[in-house]
Amino acid sequence: MEKILTKEQLHAKVEHCSKCLDEKFNGKDGKKHLVICGGTGCISSHSDEILKHLEELIKEKHLEDKATVNRVGCFGFCSQGPFVKVFPEDRLYRAVKVSDVDRIIQEDIIEGKCITDLLYEDPVTHEKVERQDDINFYKKQQRIALNGCSMINPEQIEEAFGFGAFKGLERALNMSQQEVVDEVLKSGLRGRGGAGFPTGRKWQFALNQQSEDKYVICNGDEGDPGAFMDRSILEGNPVGVIEGMMIAGYAIGAKNGYFYVRAEYPIAVKRLQIAIKQLEEVGLLGDNILGSGFSFRCHIRLGAGAFVCGEETALLNSIEGKRGMPRPRPPFPAVKGLWGKPSIINNVETLADVSWILRNGGDKFAAIGTEKSKGTKVFALGGKVNNVGLVEVPMGTTLRELIFDIGGGIPGGKKFKAIQTGGPSGGCLTEKDLDVEIDFDSLIARGSMMGSGGAIVMDEDNCMVDVAKFYMEFICDESCGKCSPCRIGTKRMLEILTKICDGKGEEKDLTELKELADITKTNSLCALGQTAANPILSTMKNFPEEYEAHVKDKKCPAHVCKSMLKYVIDPEKCKKCSMCARNCPVGAITGEVGKTPFVIDSSKCIKCGLCMSNCHFHAISKQ
């Protein structure tokens, strides 16, 4: 592609690319346009092989004048992937296998038929749904941060241009730095990394600093268990995030930006590298961009997977080649950040929002959401929910809508028990919270937090004491150890939780656990320690009866904690077949075939559950 040196050349390129995309999506070129999900989840389910086979068949059958194939980013509905979408019909095939490719070519491309068994089936009405927007999972979503994902090829910047890339930067370059900051302030955008600090205010602090060197850092570390929001945005539309970083750089007077992305995201890193290289080649990264006098360069640094490096000062240390440990604040990074220079740190989703805001206007973004939380939020919805995937909804959407309308409810007719928002830093919300509007302040008021967007749903089979223990194990592993309250406090809390789950808890442990949680929360240096106790505090508040059952009755109501489990055979239901005894790895089950009911010796039982899973007569239960 030729160099884009002027605004006129950018206009011409955007107009040309927009026309090409329009022809593809609306069939104006007389061809069918197939897009295949190229997100990590679908690639792990062989979407690359699907893409390759489609390309081979189109070439083999000489169908180049009838169909084109393209790889795009994440469709979001991860539990239904891999996806193949056919334009102009806007037809979505889900759970596609390599063996389905021949049928798609023959029946859809050649014969023009819809392959109904590959369509999504509504679990309530059992109707086949052809169009993506008619699927309940998508109906209440609104894509801003995910703009372009599942529509454009993330490795071809021409397609990003066709979807509006760099219109936001061009507009920003026609404004003063203060006007750009004011536009972001007007939008009401708050940081999507977890803290929810107003983005425009952070930029203002950095703009006010006098320094020859300033930096913009994109936090793509994303360490919450089950979270993949930032990864999917970078995989689906890296150009949109780069543009947001450039707008931030212009606003505060920075010439360099650093992407800090965890090394466990190789596809995201690769696509980011490709986008940066392509933008450098066309002159949209480098010196004197679009003849404006603004110069900017992007750099990538890989994180080693330390959760604490999601904290902005620990991240700065890591970029500088130091151990990832938090710094005392103040001074804040906007005053003294990377290499002692004024720096702003925004996460991937925030910068993706920035490019949309400058392209469409702050007022338009502010019109979405609630009074104090504007725009949309991306969630990684997982756990005990039918529709697992990536969800972007307007702020103000209720938890009930998220879990039951979009998420499709709880599998197997089980009862909803809780949702953990905010990852290890968040808390558990219960049935009484289902009609709470999702925004920064309402979730904090309920004892949880938005966090970066993890949302794990739990049902009646989850033990909430065990859930708190799981998150505390994670925090203990990830604590950097710099401050005593976090280093020692989290370890002691884990010891108490382990003791309770092992059936050795005492009533005084509950008091001590609460005291330790409060001390750690109040005295830790950074947000990791300050929020580490949230899962404990929220589960103790919302499920006190489960803690009491573990301590007083030495029972786990959900039958999860192994030390308190007991497998029992009902003699009335036992068919004396010996299937359970034959599968027991430690010989803990005895009985006489065809004569006496079988019995489990609890002193020998290792609670593996093989007996229960192998009993076809449901004679074995957990107590």
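Odds and ends about this structure:
- Taken over the chain, the percentage of Cα pairs per 20 Å bin, counting from 0 up to the bin with the maximum distance, is 18, 46, 29, 6, 0.
- On the basis of the beta-carbon distance and an R0 of 51 Å, residue 570 and residue 277 show a calculated FRET efficiency of 0.15.
- In this structure, the amide hydrogen of residue 71, modeled 1.01 Å from its nitrogen in the peptide plane, lies closer than 5 angstrom to those of 36, counting only residues at least 5 positions away or on a different chain.
- Global form of the stretch 406-549, assessed from the alpha-carbon gyration tensor, a/c cut-off 1.5: oblate
- Between residue 270 and residue 304, the contour length at 0.36 nm per residue exceeds the Cα-Cα span by 10.6 nm.
- Rounded if a/c under 1.5, otherwise prolate or oblate - the stretch 141-231, Cα gyration tensor axes: oblate
- When each of 414/562; 384/575; 13/66 is checked by Cα-Cα distance, pairs over 24 Å: 384/575; 13/66
- Whether the stretch 31-133 is rounded, prolate or oblate, judged on the alpha carbon gyration tensor where a/c under 1.5 counts as rounded: oblate
- Nearest-ten-degree value, helix 7-26 long axis tilted from longest Cα axis of the chain: 50 degrees
- Taking 30 Å as the limit for the C-alpha separation, the pairs 469/604; 7/255; 28/270 exceed it in the case of 28/270.
- Electrostatic tally near residue 551: other residues with Cβ closer than 9 Å to its Cβ, Lys and Arg +1, Asp and Glu -1, net -3.
- Amide H within-cut-off set for residue 377, under 5 Å, with H built and near neighbours excluded: 393, 395
- Radius of gyration and Dmax over the Cα atoms of the stretch 157-366, both given in Å: 15.6, 45
- Sparse-neighbour loop sites [GluC sites (Glu not before Pro); the stretch 51-127; at most 15 other C-beta within 10 Å; DSSP]: 64, 89, 111, 127
- In a DSSP loop and with at most 13 other Cβ atoms within 10 Å, the trypsin sites (Lys or Arg not before Pro) in the stretch 1-105 are 3, 28, 97.
- Where labels lie 7 Å past Cα in the beta-carbon direction, separation of residue 90 and residue 28 in nm: 1.7 nm
- Cα centroid separation - the stretch 470-509 against the stretch 106-132, whole Å: 50 Å
- A Förster radius of 30 Å, combined with the Cβ-Cβ distance separating residue 122 from residue 55, puts the computed FRET efficiency at roughly 0.40.
- Ordering of 577-586, 41-50 by burial proxy (mean other Cβ atoms within 10 Å per residue, highest first): 41-50, 577-586
- Sorting 598, 25 from the fewest to the most surrounding beta carbons within 10 angstrom yields 25, 598.
- Dipole magnitude (debye, nearest 20) for the chain, charges at Cβ of Lys, Arg, Asp, Glu: 1480 debye
- Axis of helix 47-60 versus longest Cα principal axis of the chain: the two differ by about 50°, to the nearest ten degrees.
- Computed Rg/Rh of the stretch 543-623, alpha carbon atoms with Kirkwood Rh: 1.04
- Residue 498-residue 541 pseudo-label distance in nm [points 7 Å out on the Cα-to-Cβ vector]: 2.8 nm
- For residue 417, the residues whose amide H sits under 5 Å from its own are 458, 459, 460, ignoring neighbours fewer than 5 places away on the same chain, with H placed 1.01 Å from N.
- A simple spin-label model places pseudo-atoms 7 Å from Cα toward Cβ; at residue 583 and residue 131 they are separated by 4.8 nm.
- For the pair residue 372 and residue 139 in one chain, pulling the backbone fully straight at 0.36 nm per residue adds 81.5 nm over the alpha carbon distance.
- Net length available on complete extension from residue 174 to residue 608 is 149.6 nm, with 0.36 nm assigned per residue and the Cα-Cα distance removed.
- Helix axis angle, 238-252 relative to the chain longest principal axis, alpha carbon, degrees: 70 degrees
Readers should treat all values here as calculations from the given coordinates under stated rules, not as data from a laboratory. Keep in mind the model is a prediction, meaning the values are calculated, not measured. Reconstructed Cβ throughout: ideal geometry from the backbone, glycine too, with neighbour counts over all protein chains shown.
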